[in-house]
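Down below is the structure, laid out as structure tokens.
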Amino acid sequence: MGKPVVEVVNLSFRYRDAPDKRKALDTINFDVGEGEFFCIIGPNGSGKSTLCNSLVGLIPHYFTGKMKGSVKIHGTDTGTSSIADLSTQIGLVFQNPFNQLSYTAGSVAEELAYGLGNRGIPREKMMEKVEYVAKLMRIDHIMNKNPLELSGGQVQRVAFGSAFIMEPSILVLDECTTQLDPLGSEEIFDIVKELNKTGITVIMVDHDMERVARCADRIMVLDGGKVSAVDTPEKIFGSPDSTSHNICAPDYVSVCQALKDDGCYSGRFEVKEEPTIAAVREALKK
Amino acid sequence: MTIELQNLGHVYPTGDKALNNINLSISGTEPVAVIGQNGSGKTTLVKHFNGILRPTTGHVFINGEDVNNRSTAKWSKDVGYVFQNPDDQLFLETVRKEFEFGPARIGMPPEKISAQLSFVAKLCGLEGKLDIHPFDLAATDKKFCTIGAVLMMDPQIVIFDEPTCGQDVEGNRRLCYIIKTLESRGKLCITISHDMKFVAGNFKRVIVMCNGNVLLDGDLKHVFAEVETLRKSFVSPPPITRVAYGAGLNETVFTVDEFMKVFRARKENNN
């Protein structure tokens, strides 16, 4: 793990109007290293989105409630920094892409340029970046459309583009492809993986365990606002009792288990497609 | 229950051609999944089943009646439509009011409403949450609130647009349960989904849309065996299906049990 760029210490948060006074986050501790691909999983209501909001400073600066502990981004405490300053370091792609829109832009092009404009980037440079991101996200054919007229999947591409265009060194993705078709969301994750290879730190919330297992260097499991495990995909999923975390392991683990039960496989529990295929081929020969 | 599409075409006012000459017939109560890439016409297609959209060309018949005969409001007691985005659908201050709104509007008798309310609340896991404001519900429950509000009218046909979007393990389980329960009560569920595991686990008939056309239509196994054709619509088979193909088992499987059956047969053959 590279030097920590995200440091979360004893973080607790309770929303002001929480009906049962329940803490959305309860004494959370973890670090994310520079260049790491860090995934967060857990059932709905376990605190994943609240945690994302805490990382980018929306908590405590936007959502009201009681926060304890600290979050540091590149050593800067989010409590003493502003959302605007934090946005130069860390970007968030929201779960609901419509929350990402500025609602002031008349076209996709303007939407992509919105953040850059606020940052005072020269027009020429801005247009260059908009063009590049539009091509990358495959939205260059809808640049003149109103963002509110797009399909869910298209808005998610725009939302992702408008976060990515700000060139944050840390990118937080909160279930950001739920409305995309299967290969469309794979395409987005291929882009994310490429970004990650260039050194960008990625923190990703997702319900697709096969994808999480494939992408993650480490996985953190949240349950009821608490951290129940932080480890590599192999350690998190690679045991038959991984369901005890209230999550489903990728199908690959079940295949390995079934092969073991038949006595024709004695290797480790695989969590990715290619090694599982190799394991099945091997078991066929035995 | 029948839905009959004859040469259905749809062109949006913007001039975008969303559906080309679709011929399709759905009957019975076996749940149907509609899959395909973004912008392929899935939502446009199903919005014709209760008249939210009207055919530009061709005809849509629901149980033999031309969809153009009635307004969407008049169709709502027969065909329920659960929107993709819960925020597009919810507007009242409690779950109970959301649930009671539809049936009251279509003139359902009060005693039937109250019986339906307890059935639907239980089915959707919202029994203890009827007096909560829908916007205070967690994302999962909010989705089930929109589903419940539609089921309250006891429609014969229920359309789900992307119900799995943002659901966790528990939410997915409940959705499966709802679809099975509706089928057992003689309802027809038509579901748009991008979640291939969910599709493989719950549906027998799958319709694949691509560029406003029906690319494939048939039995689940038959459809997911067409890996190359599926690619055209940005769909790939579920993980376990891909592992079986990748390992050269050359059969379409969707569960670990099916997988092992094929695996053992192959192994026996090899020896």
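Only the coordinates and a few stated rules stand behind these numbers; no lab work does. It should be emphasised that the depicted structure is a prediction, and the values quoted were computed from it without experimental measurement. Note that each Cβ is placed from the backbone with ideal geometry, even for glycine, and that neighbours are counted across all protein chains shown.
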| query | Over segment B:209-259, how many percent of alpha carbon pairs lie in each 10 Å bin up to the one with the longest distance? | reply | 26, 52, 19, 2
| note | What helix-only [θ] at 222 nm does the protein assembly as shown give? Using -39500 (n - 2.57) per DSSP H run of at least 4, over all residues, to the nearest 500, the answer is -11000 deg cm²/dmol
| Cubic angstrom per residue, convex hull over Cα atoms of segment A:20-65 | 91 Å³
| With a 10 Å Cβ neighbour count serving as the proxy for reagent exposure, in which order, fewest first, do A:T177, B:T2, A:T104 appear? | A:T104, B:T2, A:T177
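Return the subset of A:K135/B:K142; B:K47/B:K180; A:K21/B:K112; A:K272/B:K267; A:K129/A:K193; A:K129/B:K232 for which the Cα-Cα distance in this structure is over 26 Å, preserving the input order.
Listed pairs above 26 Å: A:K135/B:K142; A:K21/B:K112; A:K129/B:K232.
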| Base-10 log of normalised Debye intensity for segment B:147-271 (one unit scatterer per alpha-carbon) at q = 0.19, 0.20 Å⁻¹ | -1.12, -1.19
| Gain upon complete extension [B:H222, B:K122; 0.36 nm per residue less C-alpha separation] | 32.4 nm
| said: Tell me whether segment A:1-154 comes out rounded, prolate or oblate; compute the Cα gyration tensor, take square roots of the eigenvalues as a ≥ b ≥ c, and use a/c under 1.5 as the rounded threshold. | reply: prolate
| said: Using the Kirkwood formula on the Cα atoms of the protein assembly as shown, what hydrodynamic radius do you get, in angstrom to one decimal? | reply: 25.1 Å
| said: Which of rounded, prolate or oblate describes segment A:204-286 when judged by the alpha-carbon gyration tensor and an a/c cut-off of 1.5? | reply: prolate
| query | Using a basic spin-label model with each label point 7 Å from the Cα along Cα→Cβ, how many nm lie between B:K74 and A:K3? | reply | 7.2 nm
| field | Rounded to 5, the percent of DSSP beta bridges in chain B classed as antiparallel | value | 55 percent
| task | Mind scanning B:K42/B:K143; B:K97/B:K197; A:K125/B:K17 and naming the pairs with a C-alpha gap bigger than 28 Å? | result | B:K97/B:K197; A:K125/B:K17
| Angle between chain A longest axis and helix A:123-136 axis [Cα atoms, degrees, rounded to 10] | 30 degrees
| remark: Per the Kirkwood formula over distinct C-alpha pairs, the hydrodynamic radius of chain A in angstrom is 20.1 Å
| said: Residue by residue through B:31-42, how many Cβ atoms from other chains fall within 10 Å of the Cβ on average? | reply: 3
| message | Need one number: % antiparallel among DSSP beta bridges in chain A, to the nearest 5. | response | 55 percent
| task | Between A:S169 and B:S27, with labels modelled 7 Å along Cα→Cβ, what's the label distance in nm to one decimal, could you check? | result | 6.6 nm
| Any idea what angle helix A:251-261 forms with the longest principal axis of chain A, computed on alpha-carbon atoms, 0 to 90 degrees, nearest 10? | 10 degrees
| field | For segment A:125-271, alpha-carbon Rg and Dmax in angstrom | value | 18.4, 62
| If r is the Cβ-Cβ distance from B:E111 to B:N250 and R0 is 41 Å, what FRET efficiency results, to the nearest 0.05? | 0.10
| Qualifying chymotrypsin sites (Phe, Trp or Tyr not before Pro) for segment B:79-141 [loop in DSSP, other Cβ within 10 Å: at most 15] | B:F91
| task | First measure r as the distance between the Cβ atoms of B:E258 and A:S102, then evaluate 1/(1 + (r/R0)^6) with R0 = 51 Å and state the FRET efficiency to the nearest 0.05. | result | 0.55
| From the Cα gyration tensor of chain B, with a ≥ b ≥ c the square roots of its eigenvalues, which class applies: rounded if a/c is under 1.5, or else prolate if a/b is larger than b/c, or else oblate? | oblate
| Spin-label point model (7 Å from Cα, Cβ direction): what's the A:E149 to A:H61 distance in nm? | 3.4 nm
| note | Along segment A:29-37, Karplus-curve 3J(HN,Hα) (6.51, -1.76, 1.60; θ = phi - 60°) to the nearest Hz, with x for Gly and Pro, reads 10, 6, 10, 10, x, 4, x, 7, 9
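Using only C-alpha atoms and all pairs of different ones, pull out the Kirkwood radius for segment B:36-109 in Å with one decimal.
14.1 Å
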| Calculated FRET efficiency, A:T232 and A:M127, Cβ-Cβ r, R0 56 Å, to nearest 0.05? | 0.85
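Kindly give Rg over Rh for segment B:8-75, based on alpha-carbon atoms, with the Kirkwood expression for the hydrodynamic radius.
0.95
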